[in-house]
1. Scan region 156-172 for residues that are within 16 Å of ligand 1 (Cβ to nearest atom) and surrounded by fewer than 19 Cβ atoms within 10 Å (Cβ to Cβ) and jot them down.
2. Please go through region 116-129 and pick out each residue that is crowded, with 20+ Cβ neighbours inside 10 Å and modelled with pLDDT of 95 or more.
3. Starting from region 145-156, take each residue that is of a type in the set (S, T, N, Q) and list its partners that are within 10 Å of ligand 1 (Cβ to nearest atom) and at pLDDT 95 or above, counting only C-beta distances under 7 angstrom and pairs at least six apart or across chains.
4. Checking the condition in a loop (DSSP other than H, G, I, E, B), crowded, with 19+ Cβ neighbours inside 10 Å and touching a residue at least 12 places away in the same chain (Cβ under 8 Å), which residue from V113, V80 passes?
5. So I102 clears everything in (1) in contact with a helix residue (DSSP H, G or I) (Cβ under 6 Å, 6 or more places away or on another chain); (2) closer than 26 Å to K144 by Cα except one condition, right? Which one?
6. Give me a count of the residues in region 38-77 that are of a type in the set (V, I, T) and assigned to a loop (DSSP other than H, G, I, E, B).
7. So which residues in region 136-155 are within 30 Å of L106 (Cα to Cα) and more than 10 Å from ligand 1 (Cβ to nearest atom), if there are any at all?
Amino acid sequence: MKIASSPNKGSLEVICGPMFSGKSEELIRRIKRAQLAKLSVVVFKHRFDNRSTLQHVRSHDGRLSPAHAVDNPQQFFDYVTSTTLVVAIDEIQFFSNDIVPIVCQLIDSGKRVIVSGLDLDFKNNPFGCMPLLLAIADHVTKLKAICMDCGSEAQCTQRLVNGNPARYDDPLILVGAQEQYQARCRNCHSIGI
Ligand code: ADP
Ligand code: ZN
């Protein structure tokens, strides 16, 4: 769907890093500042991310911002109108590459688009649509967490299954397994064999 375009193009800000690095916190901070400036903001998250609430973006320290949960980026156009100035999207790595032309369409129609997502998966490989979005971005913020093993700065996400490092070929969802994620530095990050 086409949205009325503004004479000026918008921009893309990407906030990335491992789990617990403060991506959602930073996204919520930018959303709140835009709202303080009385800009019209629309917030989205992926429907997969139903960990605590589908109606909010939520950071690990409990900050909340109301959001629309969608599973297809075409649904953005049910909420984004010609008066929308800022579009924020959390956990964008859950969307397929189909989201990239839609983000470009939003930028072309004058929106300030702010997205946050994991740049690397638990195997330390670039995550889905993130490399493309990072290439298109006007501004990139790469955050670090604290390694839960040694206390150094962490840029990796460790997946543990029943207390052991997840294996390279483990499926994305392991039925019956106790899964846990930790922030780890490169030295402490490991993949099971
Ligand atoms: P992300 O969206 O990147 O997963 P959040 O914004 O949801 O991160 O949460 C960041 C918050 O997580 C921090 O402010 C801190 O309170 C908490 N936290 C828990 N574990 C860690 C860790 N290992 N490193 C940094 N922050 C952590
Ligand atoms: Zn470490």
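1. L160
2. Result: S116, G117, L118, D119, C129.
3. Listed by first residue and then by second, the contacts come to Q155/G17; Q155/P18; Q155/K144.
4. Sole residue among the options that is in a loop (DSSP other than H, G, I, E, B), crowded, with 19+ Cβ neighbours inside 10 Å and touching a residue at least 12 places away in the same chain (Cβ under 8 Å): V80.
5. All conditions pass for I102, except number (2).
6. Within region 38-77, residues that are of a type in the set (V, I, T) and assigned to a loop (DSSP other than H, G, I, E, B) number 1.
7. I136, A137, D138, H139, V140, T141, K142, Q155
One line per residue, one yes/no per condition, for (1) closer than 18 Å to M19 by Cα; (2) of a type in the set (K, R); (3) modelled with pLDDT of 90 or more:
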{"position": "G151", "(1), (2), (3)": "yes, no, yes"}
{"position": "A154", "(1), (2), (3)": "yes, no, yes"}
{"position": "Q158", "(1), (2), (3)": "yes, no, yes"}
{"position": "A166", "(1), (2), (3)": "yes, no, yes"}
{"position": "L172", "(1), (2), (3)": "yes, no, no"}
{"position": "V175", "(1), (2), (3)": "no, no, no"}
{"position": "Y181", "(1), (2), (3)": "yes, no, yes"}
{"position": "R184", "(1), (2), (3)": "yes, yes, yes"}
{"position": "C188", "(1), (2), (3)": "yes, no, yes"}
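The values are calculated or read from the model by the stated rules, or taken from the named source; none is laboratory data. These numbers come from a predicted model, not from an experiment. FYI the Cβ positions are ideal-geometry reconstructions off the backbone, even for glycines, and counts take in every protein chain you see.
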